[in-house]
Amino acid sequence: MFKERIKSHHRSKLFESVSASENELFDALEQPAKDSDCVIYLHVPFCDNICSFCSMMRSKLGDELDEYAKFLVRQIKDYGEMPYFDTKSVKSIYFGGGTPSVFSETHFEKVLGALHKNFKIADDCEISVETTLHNLDTQKALALQSFGVNRFSIGVQTFSRQGRALLNRVHKPARAIERLKDLREKFEGMLCCDIIYNFPNESVEEAITDANYVNELGLDSASFYSLMFFDGSELSKKIDTSYYDLPTDKKLHHAFAEALLGSGNFEVLELTKLTRKGRDNYGYIKLSHKGTDVLPIGNGAGGHVAGFGIYGVSGHKMISRTNERESAYGVLCSLFQYPIVNLNALKDGLSASVYDEVLQKLKEFESRGLLELKDGKSVLNLDGIFWGNNINEEIANIMKKDFV
């Protein structure tokens, strides 16, 4: 098969970034947008408990939250007054971090109030907040629900006692289960979770138990990831990564996925996400993959609007011009983050020769037992999902020929 498994989706840039000024960006935003959909991403780079596996942009919580909320509101107002957004309908708002739920109810009320005042928020807008269990009690969840929040992404990671200790989770398993039960009983929106598997000494039984709790607690989706050791994280400094072996990774992946899929309640949404049927649609990532504008708000937030890439850092913006060819390439690559790929969508976006080369590669993967080509679609099986990022990389390297 493959010698090494690629665990996450990272596509190399085809072109060098071309820097642009804030004046150029705001000049472009003086013009009405040509399309209507929009996503807003807000980054809250603070945590009150640093996860042992994390290397994201975040800092231990101090007394900065009031000022940071005011900073987000100022950015929201600055962007909201631009004509570009007059015709935009915001379909998804995503609070990422860090741990956004370190914000108080008052902070959320001010920030969400500013968003509603300055942008056209769609009636069916998905409003997501990343959180941990220890700083999301039912009272806060219901308060945020009253402000329009309808989706929580909860960093559960595992229900295993030894796994939670290793990953620096606050609650013991029984307390985590109790909190989730209470949230499920009272919160009307989506309760989604992150699960990490293949931590040192994890058993197949522990992986299956995690899946069973996701199902039994009525959670709406599970993003599940094989443990990765990021430079700068606590785990990268103290764990000998030689414990990792590919057969165990695959065994634990399949055990978790098969337990949820075998329940009949879940289906595969993308390579690392299983969703309860008829519930979580994960609009934020789906819209992003389609190339929809993602307006970034806050330090550590990245996105792209009106032909410009934007990344917020230390109260300032790093701005570059986006390349339309590279953006189109990114949209095609994102098709392979899903278990089913419509081949006509590929054919429409590629030259005949490159499409034929992609098709031959897919037939090769079919012969290796990773997918099935039928009815004009490429359909991954569970082995194909496990190797999905490897498949994506090989296909992306072929498609690249049409864009460089």
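Rounded to the nearest whole Å², what accessible area per residue is found for segment 155-212 with the 1.4 Å probe?
Per residue, segment 155-212 has 41 Å² of solvent-accessible surface.
Enumerate the amide H contacts of Asp293 below 5 Å, restricted to partners 5 or more residues apart or on another chain; note that Pro and chain-start residues carry no placed amide H.
When sequence neighbours closer than 5 places are left aside, the close amide H contacts are Val39.
Please report the spacing between the Cα centers of segment 305-330 and segment 149-202 in Å, no decimals.
Centre-to-centre (Cα) distance: 34 Å.
Give me the percent of the accessible area of the chain that comes from carbon and sulfur atoms, probe 1.4 Å, all protein chains in place.
48 percent
For segment 1-40, what does the accessible surface come to per residue with a 1.4 Å probe? Please give it in Å².
On a per-residue basis, segment 1-40 sits at 73 Å².
Counting alpha carbon pairs within less than 8 Å and at least 6 residues apart, what relative contact order, in whole percent, applies to segment 152-279? Walk me through the numbers before you get to the answer.
Numbers: 162 pairs, mean separation 33.2, N = 128.
The value is 26 percent.
Might you tell me the accessible area per residue for segment 232-277, computed with a 1.4 Å probe and given in Å²?
Per-residue value: 47 Å².
Roughly what would the spin-label model give for Leu14 and Phe71, points 7 Å off Cα along C-beta, in nm?
3.5 nm
Run the helix sum for the chain: -39,500 (n - 2.57) per DSSP H stretch of 4+ residues, divided by residue count, reported at 222 nm to the nearest 500 deg cm²/dmol. Mind dumping the intermediate values first?
Working: 15 runs with 159 residues, N = 404.
Estimated from H runs of four or more residues: -12000 deg cm²/dmol.
Which of Ser351, Gly369, Phe386 sits farthest toward the positive end of the charge dipole of segment 275-404, with +1 on the Cβ of Lys and Arg and -1 on the Cβ of Asp and Glu?
With unit charges placed on the Cβ atoms, the residue in question is Phe386.
Not counting ligands, DNA or RNA, and with a 1.4 Å probe, what is Met318's accessible surface area in Å² rounded to the nearest 10?
Roll a 1.4 Å probe over it and Met318 shows about 120 Å².
Give me the accessible area of Tyr213, 1.4 Å probe, in Å² rounded to the nearest 10.
Probe radius 1.4 Å; accessible area of Tyr213 about 70 Å².
Nothing charged except the Cβ atoms of Lys and Arg (+1) and of Asp and Glu (-1): what's the magnitude of the dipole of segment 95-250 about its Cα centre? Round to the nearest 20 debye. Provide the component values of the computation, followed by the final result.
Details: 17 positive and 23 negative charges, 99 e Å.
It comes to approximately 480 debye.
Please list Glu16, Glu394, Glu205 in order of solvent-accessible area, largest first, computed with a 1.4 Å probe with all protein chains present.
Glu16, Glu205, Glu394
Show Arg161, Arg175 ordered by accessible area, largest first, where the area counts protein heavy atoms only and the probe is 1.4 Å.
Largest to smallest exposure gives the sequence Arg161, Arg175.
Whose amide H sits under 5 Å from the amide H of Gly300, counting only residues 5 or more places off or on another chain, with H placed in the peptide plane?
Residues meeting the amide H criterion: Gly312, Val313, Ser314.
From the cross-link list Lys88/Lys277; Lys13/Lys34; Lys34/Lys377; Lys3/Lys251; Lys13/Lys363, which pairs have alpha carbons spaced over 19 Å apart?
Lys88/Lys277; Lys13/Lys34; Lys34/Lys377; Lys13/Lys363
What figure in square angstrom, to the nearest 10, would you give for the accessible area of Ser17 with a 1.4 Å probe?
Ser17 exposes around 70 Å² with every protein chain in place.
Could you give the dipole magnitude of the chain about its Cα centre, charging the beta-carbon of Lys and Arg +1 and that of Asp and Glu -1, in debye to the nearest 20?
For the chain, the charge dipole is close to 360 debye.
May I ask which residue of Tyr225, Phe308, Asn265 lies farthest towards the positive end of the charge dipole of segment 215-324, with charges of +1 (Lys, Arg) and -1 (Asp, Glu) on Cβ and the Cα centre as origin?
Result: Phe308.
Starting at the first residue of segment 209-223, write each ³J(HN,Hα) from the Karplus equation 6.51 cos²θ - 1.76 cosθ + 1.60 with θ = phi - 60°, in whole Hz, x for Gly and Pro.
Listing the rounded values in order: 4, 4, 4, 5, 5, 4, 6, 5, 7, x, 5, 8, 6, 9, 8 Hz.
Using only the heavy atoms of the protein chains and a 1.4 Å probe, how would Asp123, Asp348, Asp35 rank by accessible area, largest first?
Asp123, Asp348, Asp35
The values are calculated or read from the model by the stated rules, or taken from the named source; none is laboratory data. The structure presented is a predicted model; accordingly, all values stated were derived computationally and were not measured. Positions of Cβ are backbone-derived with ideal geometry, glycine not excepted, and every protein chain shown enters the neighbour counts. Just the protein is used for accessible areas: all its heavy atoms, side chains included, with ligands, DNA and RNA removed. Shrake-Rupley method; radii C 1.70, N 1.55, O 1.52, S 1.80 Å.
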